[in-house]
Amino acid sequence: MLTLIKNAQVYAPEYLGDKEILICGEKILAIEESIDIRSEYLKVIDASNKIAVPGFVDSLVHITGGGGEGGYCSRTPEVNLTDLTLAGITTLVAALGTDSISRTLTGLLAKAKELNEYGLSCYIYSGSYHLPVKTLTSELQSDLMLIEECIGVGEVAISDHRSSQPSFRQLAALAADARVGGMLSGKGGVVSIHMGPGNSMFNPLYEVVNKTDIPIQQFYPTHINRNQALLDAGIEYTRCGGYIDLTTSSNSMSFSTGEIKCSKALKYYIEQGGDLSKITFSSDGHASLPEFNDKGELVSLEVGSERSLFNEVRDAVLQENVPFEEALPTITKTPADILKLTKKGRLNVGLDADINLLDKTDLMIDTVISLGQIMVENGMPVVKGRFE
Ligand code: ZN
């Protein structure tokens, strides 16, 4: 079970130059200028004209489907394995959304286990949009401590007409539970926040941070590219030490209502002097993307695509001239750091062998390796879900 990647230009995500990478089982055994090894059990991948990068980390995917806000017919389907692998995603966090009645945490956990059986690293958030929080074991702290895949809670909705309109007390108590549960289980205990279009924006989070001892880094608010005002408020929030996440899946409707394309938002963030260790992208994959006509009637419904995650990084590099080294951490090192996934998001000796090979000229995904297993080769899936 040895794989040697030769002649790759390596971004770990920092630029390391031309290197060879040796994988043993699920781990990276060596990254060197030249590795001299001969074995009948060795598979060699020639990565000439390829860039090696860490497998992508997607901090929000609705793996059991989302949506439902337009009635039962608007419930989106479950994710397929290759929706993720062809998008270069090797690590993901799954969440429920608005619907926590017909979608359940047990279903979410089972689906995460399915993806992990195929060789991905899928984690879950306990809870949903709503407070009081629904859990698997009756308490958030015990979900974190007893369920291996559970690394936080969310996406809890604030500043949104679909939220439970949580009080300061509810939000503070939830963050406290997540924090202590995270400490006791050696996990992040992240509180993923769905940021709606409401005027209160980050105020509920500031209130918790200002009135309690909960650090601002406990929260991980997403959809911050929803509109320009929220993005500007988000930049201010990062200056206070907080993290922000931008959503890559979008359609013409979302742009017409003011959403800013992730690649452009990243460029803007950098121009404003934003700290690159505080901004990430997630796909919000398999969420519903509704399209309304002038009368506000639903005319079509699309499903958020996981492929948008890397597409936005590629667009940031190729269209917005953001340096590759600055764009890549938004879907590798930075989300792994925020989620406290210490074996993920970077290429280094001893870490998990989650590696993508990209074409040097157009940055298309050629090869995807997850925990040492080749999932995609020459842009085609090698491993498929049983019912795909
Ligand atoms: Zn959301």
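Annotations
- Residues in the stretch 111-122 that are open to solvent by less than 30 Å² (accessible area, probe 1.4 Å) and not in a loop (DSSP other than H, G, I, E, B): K111, A112, L115, S121, C122.
- Given (1) within 16 Å of the ligand (Cβ to nearest atom); (2) part of a helix (DSSP H, G or I); (3) touching a helix residue (DSSP H, G or I) at 6+ places or on another chain (Cβ under 9 Å), number of the condition L108 does not satisfy: (3)
- Candidates in the stretch 172-200 are the residues that are open to solvent by less than 50 Å² (accessible area, probe 1.4 Å) and of a type outside the set (G, A, S); of these, the one that is farthest from the ligand (Cβ to nearest atom) is K187.
- K344 meets the conditions (1) touching a residue at least 24 places away in the same chain (Cβ under 8 Å); (2) more than 14 Å from I89 (Cα to Cα); (3) not small (G, A, S) in every case but one. The failed one is (2).
- Checking every residue in the stretch 296-312 against the condition of being crowded, with 24+ Cβ neighbours inside 10 Å, in the same structural domain as L328 (by TED's automatic domain parsing) and over 17 Å from the mean Cα position of the chain (by Cα) gives zero matches.
- Top-ranked residue in the stretch 239-295 [being among the acidic types (D, E) and away from the ligand (no atom under 16 Å from the Cβ); ranked as most open to solvent (accessible area, probe 1.4 Å)]: D294
- Qualifying residue in the stretch 80-95 (condition: open to solvent by 10 Å² or more (accessible area, probe 1.4 Å) and within 16 Å of the ligand (Cβ to nearest atom)): no
- Filtered residue count, the stretch 238-297, keeping only those that are under 28 Å from L81 (Cα atoms) and among the hydroxyl-bearing types (S, T, Y): 11
- Pick from the stretch 41-84, criterion β-branched (V, I, T), farther than 23 Å from I151 by Cβ and not in a strand (DSSP E or B), ranking: nearest to the chain's Cα centre (by Cα): T82
- Matching residues in the stretch 1-40 - criterion: being part of a strand (DSSP E or B), among the charged types (D, E, K, R) and open to solvent by 50 Å² or more (accessible area, probe 1.4 Å): K6, D18, K27, E32
- Hits in the stretch 338-353 - residues which are open to solvent by less than 30 Å² (accessible area, probe 1.4 Å) and closer than 18 Å to F324 by Cβ: G345, L347
- Scanning the stretch 34-78 for residues that are out of contact with any Pro (no Cβ under 6 Å at 6 or more places or on another chain), at pLDDT 95 or above and within 16 Å of the ligand (Cβ to nearest atom) yields D58, L60, V61, H62, I63, T64.
- The residue that is surrounded by the most Cβ atoms within 10 Å (Cβ to Cβ), among those in the stretch 354-364 that are touching a strand residue (DSSP E or B) at 6+ places or on another chain (Cβ under 6 Å) and among the hydrophobic types (A, V, I, L, M, F, W, C), is I355.
- Check on T104, more than 20 Å from L289 (Cα to Cα), open to solvent by less than 20 Å² (accessible area, probe 1.4 Å) and either touching a His at 6+ places or on another chain (Cβ under 9 Å) or among the polar types (S, T, N, Q) (or both): no
- Scanning the stretch 145-171 for residues that are more than 13 Å from the ligand (Cβ to nearest atom), open to solvent by 10 Å² or more (accessible area, probe 1.4 Å) and small (G, A, S) returns S164, S167.
- Residue that is farthest from G127 (Cα to Cα) [pool: residues in the stretch 201-210 that are more than 16 Å from the ligand (Cβ to nearest atom) and not aliphatic (A, V, I, L, M)]: N210
- Among residues that are within 24 Å of S126 (Cβ to Cβ), acidic (D, E) and crowded, with 18+ Cβ neighbours inside 10 Å, D213 is not included.
The values are calculated or read from the model by the stated rules, or taken from the named source; none is laboratory data. Keep in mind that this is a model prediction, so the values were computed, not measured. In this analysis, Cβ positions are derived from the backbone assuming ideal geometry, glycine residues included, and neighbour counts consider all displayed protein chains. Please note that ligands, DNA and RNA were not included when accessible areas were found on the heavy atoms of the full protein model with its side chains. Shrake-Rupley method; radii C 1.70, N 1.55, O 1.52, S 1.80 Å.
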